[in-house]
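Reading through the structure tokens given below for one structure.
Laboratory data are not the source of any read-out in this text; all were calculated from the coordinates shown. Just so it is clear, the structure is predicted and the values come from calculations on it, not from any experiment. Every residue, glycine as well, gets a Cβ built from its backbone with ideal geometry; the counts of neighbours run over all protein chains shown.
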Amino acid sequence: MSNLKTIAYSRVIHLSHIIDPDIPQWPGDPNVEFTTVAQLPDDGYYLRRFSMGEHSATHINAPNSFYQSGMGIDQYPAQSLVVPAVVIDIQAAAAANADYQLTIDDIRTWEAQHSEIPIGHVVLLHTGWQNKWSDKNAFLNQDANGIMHFPGFGSEATQFLLNERQIAGVGIDTHGVDSGQDTNFSTNRLVLAQQGIVLENLTNLHQLPAKGTNLAISILRLRGGSGSPVGVLALVP
């Protein structure tokens, strides 16, 4: 039996934000910095050095970010980084309640329209938060006590997706697959315990169909990395 797989697509879409020093940053994370090392007039070529946290910009989290003995981002198999995806749109609920968390009912409602989520897919949550990216305060939405308010996956929904649908992972257009108030990082822990995919700070999810997209996730193979900024390409049919 052949393992040959084919991906048919008509469009390729960037799901990663452009990286610059002004992007929204998780409180306490290192700044994004660019330093010019060589310039064309003086050196004959142009080169910069950059510095940033492993969980900044559009990024992927690795198991060792939450588990002492978890693997680093360099250990993800190449095949696991080319993966089909579905998109669940909760923009209306998130607009009404910044703390909204995806429920099992939301999943069943989506499936009633689009059919059951197939095994081995990444579930992308389109909250509309990508539209706030250029406004750091709105994107992180911290209250007077420093608590962030943005939507995410509910832990029961995540357990359902992992156990009943055997998903490959999750992704979102906010700074965390867990809602801003979930300081236990429940969804991160559940997915990474199974060495799944966790993508955060995605963009352009509004350009994707509910199903049929394939993702190509390009990590930086940082040895022992807790995660990595990623270029995520959506191959849209």
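When the chain is modelled as a GNM with alpha-carbon springs shorter than 10 Å, which of THR36, THR58, THR158 fluctuates the most?
In this elastic network of the chain, the residue with the biggest mean-square fluctuation among THR36, THR58, THR158 is THR36.
Quick check on packing: order 189-200, 125-136, 65-76, 94-105 by the mean number of other C-beta atoms within 10 Å, highest mean leading.
Numbers: 189-200: 21.2, 125-136: 18.8, 65-76: 15.3, 94-105: 17.2.
Final packing ranking: 189-200, 125-136, 94-105, 65-76.
Just check the stretch 16-88 against the gyration tensor rule for me: Cα atoms, a ≥ b ≥ c as the square roots of the eigenvalues, rounded for a/c under 1.5, and otherwise prolate or oblate depending on whether a/b exceeds b/c.
Taking the square roots of the gyration eigenvalues as a ≥ b ≥ c, the stretch 16-88 is prolate.
Would you look at the GNM of the chain, springs on alpha carbons closer than 10 Å, and say which of LEU162, LEU47, LEU202 moves the most?
Checking each option, the largest mean-square fluctuation is seen for LEU47.
Please get the size of the charge dipole for the chain, origin at its Cα centre, with Cβ charges of +1 on Lys and Arg and -1 on Asp and Glu, quoted in debye to the nearest 20. Numbers along the way, then the final one.
Numbers: 12 positive and 22 negative charges, 141 e Å.
Result for the chain is approximately 680 debye, rounded to the nearest 20.
Would you work out the relative contact order for the chain, in percent, from Cα pairs under 8 angstrom that are 6 or more residues apart?
Working: 513 pairs, mean separation 74.9, N = 237.
The normalised contact order for the chain reaches 32 percent.
Is there a quick way to get the dipole size of the stretch 101-148? I mean about its Cα centre, with the Cβ of Lys and Arg at +1 and of Asp and Glu at -1; what is the value in debye to the nearest 20?
Values: 3 positive and 6 negative charges, 42 e Å.
With only Lys, Arg, Asp and Glu charged at Cβ, the dipole is about 200 debye.
Report ³J(HN,Hα) in whole Hz for each residue of the stretch 34-42, in order, from the Karplus equation J = 6.51 cos²θ - 1.76 cosθ + 1.60 where θ = phi - 60°; Gly and Pro get x.
My calculation for the stretch 34-42 gives 10, 10, 6, 9, 9, 10, 4, x, 8 Hz in order.
With N set to the residue count of the chain, report its C-alpha Rg divided by 2.2 N^0.38 Å to two decimal places.
Values: Rg = 18.0 Å, N = 237, 2.2 N^0.38 = 17.6 Å.
The value comes to 1.03.
Put +1 on the Cβ of every Lys and Arg and -1 on every Asp and Glu Cβ in the chain; which of PHE66, HIS121, PRO30 then has its Cα farthest towards the positive end of the dipole?
The one lying farthest along the dipole's positive direction is HIS121.
Would you list which lysines come within 22 Å of LYS5, measuring only between C-alpha atoms, while excluding same-chain residues fewer than 8 positions from it?
The qualifying lysines are LYS211.
Using only the Cα atoms of the stretch 154-232, what semi-axes does the equivalent ellipsoid have when each is the square root of 5 times a gyration tensor eigenvalue? Give whole Å, largest first. Display every interim value, and only then the final one.
On the way: eigenvalues 71, 61, 38 Å².
Its equivalent ellipsoid spans semi-axes of 19, 17, 14 Å.
Taking the chain as a Gaussian network, Cα atoms linked when under 10 Å apart, which of ARG108, ARG223, ARG49 shows the biggest mean-square fluctuation?
Comparing ARG108, ARG223, ARG49 in the GNM, the peak value goes to ARG49.
Let me know the charge dipole size of the stretch 108-237 about its Cα centre in debye, to the nearest 20, where only the beta-carbon of Lys, Arg (+1) and Asp, Glu (-1) is charged.
Numbers: 8 positive and 10 negative charges, 80 e Å.
Computed charge dipole of the stretch 108-237: roughly 380 debye.
Could you check the simple spin-label distance between TYR46 and GLU116, using points 7 Å along Cα→Cβ, in nm with one decimal?
So the two model labels end up 5.4 nm from each other.
Between the stretch 74-104 and the stretch 130-201, how many Å separate their Cα centres?
Measuring centre to centre over Cα atoms gives 8 Å.
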